[in-house]
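Novice: Mind looking over this structure? Questions follow.
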Amino acid sequence: MIGVCGATAETVASRNFCRAIASGSASHTDHAREMVRGFIATAKGETENTIKDARKLNMLAQVFGVDTTDKETRQIALEVGQLALAEFGKQEGTQYMLKRAPAKRQEIWKKLGVEPRGIDREVVELMHRTHMGVDQDHENIMLQGSRCALGDGWGSSMLSTELTDIMFGTPVPIRAIVDLGVLKADQVNVTVHGHEPLLAEALCMAAETPEMLALAKKAGAKGINLAGVCCTGNEILMRRGIPVAAGFIQQEMVLATGAVEAMVVDVQCVMQSVAQVAKSFHTEIITTNYRAKMPDAVHIQFDEHHALQSAKTILTRAIGNFKKRGKFFIPTDSKVDVVVGFSHETINYMLGGRFRSSYRPLNDNIINGRIRGVAAIVGCDNYKFDDNYHEIVAKELIKNDVLVLATGCAATALGRAGLLRPEAATEFAGPGLAEVCETVGMPPVLHMGSCVDNSRLLIAATEMVREGGLGDDLADLPVSGTAPLWMSEKAVAIGQYFVASGIHVIFQNLPVGGSKKFSKFLFDDCRKIYGGHWEMEANPLELARKMIKNIDEKREALGINKKRERILFDMAMRRDLGGTGKAVPGVGCTGPKPTE
Ligand code: MSK
């Protein structure tokens with residue numbers, strides 16, 4: 001016993017762990033709610049946004065049981081949006097999106113009683129149950145931890161991803177650049193930082209208007225250069241190819257160039273220090289969300305009903321700062337080419353071709369061993385570990401023919417390391433993975449978006465199960481996930497929704513110290529309950545090898561872990577896979593959109 005109240009170490013450790021899940025889920029949920037509100041405003045015609053992906057809207061209407069017969073697109077969007085908003089406060093029933101999971105997984109959740117009801121309710125109940133003197137059984141506490149996390153992954157995050165895609169377009173592969181060198185000496189540099197893309201999208205539109213361009217010229221600039229930081233950056237990188245200047249750990253460095261006229265921030269992952277760093281330069285930090293204000297920053301509240309006007313007000317202010325720019329230094333050689341924009345729909349299209357979109361080629365290549373398995377590298381970077389940690393993990397995985405899917409600041413770090421280029425397949429991947437990537441023209445590491453977009457990985461994994469040949473549940477798949485340099489509690493929520501979905505998750509550290517029993521529960525017992533489990537490993541090479549070990553165990557269980565024969569693609573095989581008959585690096589960048 002460790003608490004004065006008699007609470008055991010495992011009770012205290014599980015409470016702390018679950019409070020991290022609650023905080024992380026709450027962050028995704030509040031972000032998602034804003035996106036749903038923006039979506040409803042769009043459906044009502046109250047914003048400048050439009051419905052860009054009607055096909056996805058119809059798919060979602062089916063999930064929500066909305067009858068689309070003879071209805072205008074906007075009416076369908078309104079009905080879907082209202083049902084989506086109700087998901088947050090639902091008191092009865094469970095989340096609509098759960099139906100998208102494989103049937104066997106749904107059964108497991110039902111049996112365990114962890115199907116999330118209202119997303120807000122699960123966060124509140126978790127905070128309640130982890131209060132002193134309430135739930136005192138660590139296994140029972142973790143059931144609610146799972147329900148809350150599933151409400152995040154299959155609830156709020158998935159809602160956010162899908163509705164954002166419908167509004168702003170489902171990403172398709174696109175070429176872009178990342179790193180500090182994306183700033184421009186002769187233009188007004190405005191960086192967008194945080195997570196919610198509503199304002200960032202409006203800034204993209206406003207920056208192209210003749211009015212703003214004329215204003216920039218009048219100030220002596222050749223144009224307006226938008227660049228992303230953290231996940232707001234990832235959102236507009238994926239959909240528009242707008243360059244990303246920095247991930248989490250570089251946010252102060254962006255300002256230290258002295259070349260940024262304004263850093264526009266919304267919510268999450270914004271260091272308080274940026275307002276202090278900005279004081280040394282002409283840069284203004286502009287907060288835009290009433291939830292996230294900072295001393296020494298300017299606040300301009302974003303109004304989604306007048307998004308373009310809000311964006312113009314902000315840009316006008318940034319342009320006004322251009323003439324005040326003093327000495328600056330942009331490391332122009334710090335600039336790396338990337339190909340990004342791999343939604344789960346794009347993977348479907350890229351591997352299956354326009355007329356035979358399916359995950360069949362991916363599954364077949366996993367079964368025949370060209371691709372050993374799939375790994376997700378997601379989450380933050382932080383100052384405690386070397387900047388090349390993600391790179392070491394990813395290189396070891398792709399060298400061993402494991403296809404890597406990446407999101408968040410990890411994806412930006414892998415972009416800086418040159419792994420988001422199609423050519424990286426030839427340079428770093430094992431022979432099987434390289435062959436597939438070269439045939440299709442895709443990188444061995446696929447950028448799949450921001451933190452909330454980890455929901456894309458859930459759907460990609462579900463599609464693999466649905467396609468057949470790799471078991472009938474997510475727990476059967478040769479896949480593994482990591483957020484090695486996590487610092488945000490959102491990563492713990494993400495890890496738990498993957499574990500509760502049946503997937504192996506490994507972090508470099510976890511807040512579980514002090515209770516052997518609770519650690520054993522997460523690292524071992526969990527496997528019997530969910531099919532997925534947590535693991536911890538500090539060394540990046542070892543971490544990657546443990547992911548591969550888990551993938552091999554799943555391959556063994558599926559009976560496909562035979563010695564892999566090297567069969568080179570012949571022309572017919574290439575046609576089956578890519579439809580072009582030859583390897584064309586970047587072919588996905590020029591192909592038709594999956595929604596066309
Ligand atoms: S921004 S949560 S540092 S990934 Fe999504 Fe990056 Fe982690 Fe924030």
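Novice: Sum -39500 (n - 2.57) across every DSSP H segment of at least 4 residues in the chain, then divide by the residue count to get the 222 nm mean residue ellipticity, nearest 500. Mind dumping the intermediate values first?
Specialist: Working: 26 runs with 285 residues, N = 596.
That comes out to -14500 deg cm²/dmol.
Novice: How much length is gained if the chain between Asp472 and Ala54 is pulled fully straight, taking 0.36 nm per residue apart and subtracting their Cα-Cα distance, in nm to one decimal?
Specialist: Working: separation 418, 0.36 × 418 = 150.48 nm, distance 3.03 nm.
Length gained, Asp472 through Ala54: 147.5 nm.
Novice: Over the range 216-336, average the accessible area per residue using a 1.4 Å probe and give it in Å², no decimals. Before the final figure, lay out each step's value.
Specialist: Numbers: 4760 Å² over 121 residues.
Normalised by residue count, the accessible surface of the range 216-336 is 39 Å².
Novice: A follow-up question, please. May I ask you to derive the relative contact order of the chain, considering only C-alpha pairs under 8 Å and at least 6 residues apart, and to give it as an integer percent? Display every interim value, and only then the final one.
Specialist: Details: 1315 pairs, mean separation 97.0, N = 596.
Across the chain, relative contact order equals 16 percent.
Novice: In Å, what Kirkwood hydrodynamic radius results for the chain from the alpha-carbon pair distances? Mind showing how you got there, number by number?
Specialist: Numbers: mean 1/r = 0.0412 Å⁻¹.
24.3 Å is the Kirkwood radius here.
Novice: Net charge near Thr11, counting Lys/Arg +1 and Asp/Glu -1 over other residues with Cβ under 10 Å of its Cβ?
Specialist: Details: positive: Arg15, Lys517; negative: Glu10, Asp135, Asp137.
Spelling it out: positives minus negatives among the neighbours equals -1.
Novice: Which value, in Å², gives the accessible area per residue of the range 1-44 when a 1.4 Å probe is used on the protein heavy atoms?
Specialist: Numbers: 1460 Å² over 44 residues.
Spelled out: the 1.4 Å probe surface of the range 1-44, per residue, equals 33 Å².
Novice: Of Val340, Thr316, Phe329, which is farthest along the charge dipole of the chain in the positive direction, counting Lys and Arg as +1 and Asp and Glu as -1 at C-beta?
Specialist: It is Phe329.
Novice: I need the calculated FRET efficiency for the pair Ser334 and Ala103, taking r as the beta carbon distance and R₀ as 30 Å, to the nearest 0.05. Provide the component values of the computation, followed by the final result.
Specialist: Numbers: r = 48 Å, r/R0 = 1.61.
Computed FRET efficiency for Ser334 and Ala103 comes out at 0.05.
Novice: A further question follows. For Leu308 and Ala86, compute 0.36 nm times the residue count separating them, minus their Cα-Cα distance, and round to one decimal in nm. Walk me through the numbers on the way to the answer.
Specialist: Details: separation 222, 0.36 × 222 = 79.92 nm, distance 2.75 nm.
Extending this stretch completely gives an extra 77.2 nm.
Novice: How much FRET efficiency would the formula 1/(1 + (r/R0)^6) give for Met271 and Thr426, where r is the Cβ-Cβ distance and R0 is 56 Å, rounded to 0.05? Each step should come with its number before you reach the end.
Specialist: Values: r = 38 Å, r/R0 = 0.68.
Efficiency at R0 = 56 Å is approximately 0.90.
Novice: Sort 281-293, 209-221 for me by packing, meaning the mean count of neighbouring Cβ atoms within 10 Å per residue, highest on top. Numbers along the way, then the final one.
Specialist: Values: 281-293: 19.2, 209-221: 15.3.
The peptides rank, most packed first, as 281-293, 209-221.
Novice: Relative contact order of the range 180-324: what whole-number percent is it, with Cα pairs under 8 angstrom and at least 6 residues apart?
Specialist: Details: 293 pairs, mean separation 42.1, N = 145.
Worked out over the range 180-324, it gives 29 percent.
Novice: Here's another thing I want to ask about it. If you count only protein heavy atoms with a 1.4 Å probe, what accessible area per residue comes out for the range 448-573, rounded to a whole Å²? Show your work: numbers first, answer last.
Specialist: Working: 4710 Å² over 126 residues.
Dividing the accessible area of the range 448-573 by its residue count gives 37 Å².
Novice: What length, rounded to one decimal in nm, is gained on full extension from Asp386 through to Lys549, with 0.36 nm per residue of separation minus their alpha-carbon distance?
Specialist: Numbers: separation 163, 0.36 × 163 = 58.68 nm, distance 2.41 nm.
The span from Asp386 to Lys549 would gain 56.3 nm if fully extended.
Novice: Could you look at the chain and say what percent of its accessible area is carbon and sulfur, using a 1.4 Å probe and all protein chains? Present the calculation step by step, with values, prior to reporting the outcome.
Specialist: On the way: 11550 of 21710 Å².
Here carbon and sulfur together make up 53 percent of the probe-accessible area.
Novice: Count the DSSP beta bridges whose two residues both fall in the chain, then state the antiparallel fraction as a percent rounded to the nearest 5.
Specialist: Numbers: 5 of 43 bridges.
Roughly 10 percent of the beta bridges in the chain run antiparallel, per DSSP.
Novice: Summing +1 for each Lys or Arg and -1 for each Asp or Glu, what net charge is found among the other residues whose Cβ lies under 12 Å from the Cβ of Pro540?
Specialist: Details: positive: Lys395, Arg545, Lys546; negative: Asp386, Asp387, Glu391, Glu396, Glu537, Glu542.
Local net charge: -3.
Novice: With an 8 Å Cα cut-off and a minimum separation of 6 or more residues, compute the relative contact order for the range 272-382 in percent. Walk me through the numbers on the way to the answer.
Specialist: Values: 72 pairs, mean separation 14.5, N = 111.
RCO, the range 272-382: 13 percent.
The values are calculated or read from the model by the stated rules, or taken from the named source; none is laboratory data. Because the structure is a prediction, the values reported are computed rather than measured. No Cβ is skipped: glycine too gets one built from the backbone with ideal geometry, and neighbour counts run over all protein chains shown. To get the accessible areas, we keep the full protein, side chains included, count just its heavy atoms, and leave off ligands, DNA and RNA. Shrake-Rupley method; radii C 1.70, N 1.55, O 1.52, S 1.80 Å.
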